[in-house]
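J.: This structure is in structure tokens; I'll ask about it shortly.
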């Protein structure tokens with residue numbers, strides 16, 4: 001039953017996110033799902049059905065793309081068609097609504113399932129894939145690749161984080177380079193190291209080319 005329901009969710013998401021161009025497409029959801037399952041295995045967590053569902057559905061109510069009301073309706077509609085008890089549904093929703101970064105104002109996590117899914121999502125935001133997704137999102141939203149006149153914003157409200165002046169390169173300093181130290185699991189912290197170092201090398205090379213100091 002669980003496998004059939006997961007397959008239905010996957011089929012729905014493949015159709016729903018086809019053509020998505022901000023780096024939050026079906027392939028992102030699938031990478032997060034697979035990464036979450038790998039982390040769960042290493043952390044010896046056996047309740048993977050909820051983890052897999054949360055990883056797949058974590059972007060459905062994301063307010064970057066839909067209104068709060070629309071996101072809630074879409075998620076509730078999906079969950080109504082799954083065989084979940086009340087506790088499972090509550091856990092699933094609590095995980096999904098706790099994943100987003102929100103400018104550093106995210107909720108504290110209390111379950112290992114939420115920690116695993118958040119780590120999996122954040123791992124997809126860093127490293128080579130994270131770099132590619134950053135520029136895909138920035139281009140889609142009309143954000144500058146880099147503007148040296150902008151200042152790195154250290155402390156932001158959620159509104160400032162979402163809508164303030166920034167560039168894709170600034171986004172590395174405002175969010176991505178912070179994620180390594182915000183991982184919730186030992187596995188997440190270990191996996192983040194290589195991806196973090198790759199971003200540092202990229203930024204060093206970018207600066208050399210930007211300033212003509214090669």
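J.: Being under 21 Å from residue 90 (Cα atoms), in a helix (DSSP H, G or I) and modelled with pLDDT under 95 is the filter here, so list the residues in the range 10-47 that pass it.
T.: Correct list: empty.
J.: Among what's in the range 50-72 and is at pLDDT 95 or above and part of a helix (DSSP H, G or I), pick the residue that is nearest to the chain's Cα centre (by Cα).
T.: Here the answer is 55.
J.: Quick test of your reading of the structure: residue 132 fulfils all but one of (1) at positive phi; (2) touching a residue at least 40 places away in the same chain (Cβ under 8 Å); (3) surrounded by fewer than 19 Cβ atoms within 10 Å (Cβ to Cβ). Name the failing condition by number.
T.: Exception for residue 132: condition (1).
J.: Being touching a residue at least 40 places away in the same chain (Cβ under 8 Å), surrounded by 13 or more Cβ atoms within 10 Å (Cβ to Cβ) and farther than 21 Å from residue 129 by Cβ is the filter here; which residues of the range 163-209 pass it?
T.: Residues satisfying the conditions do not exist here.
J.: Need a quick list: helices (runs of 4 or more DSSP H) entirely within the range 105-214 having at least 3 residues that are over 24 Å from residue 30 (Cα atoms) and modelled with pLDDT of 95 or more.
T.: 168-174, 186-211
J.: Could you list, in sequence order, all residues of the range 20-30 that are touching a residue at least 40 places away in the same chain (Cβ under 8 Å) and surrounded by fewer than 17 Cβ atoms within 10 Å (Cβ to Cβ)?
T.: 21, 22
The values are calculated or read from the model by the stated rules, or taken from the named source; none is laboratory data. Nothing here was measured: the structure is a model prediction, and the numbers come from that model. A quick note on method: Cβ atoms are made from the backbone with ideal geometry, for glycine too, and the neighbour counts reach across all protein chains shown.
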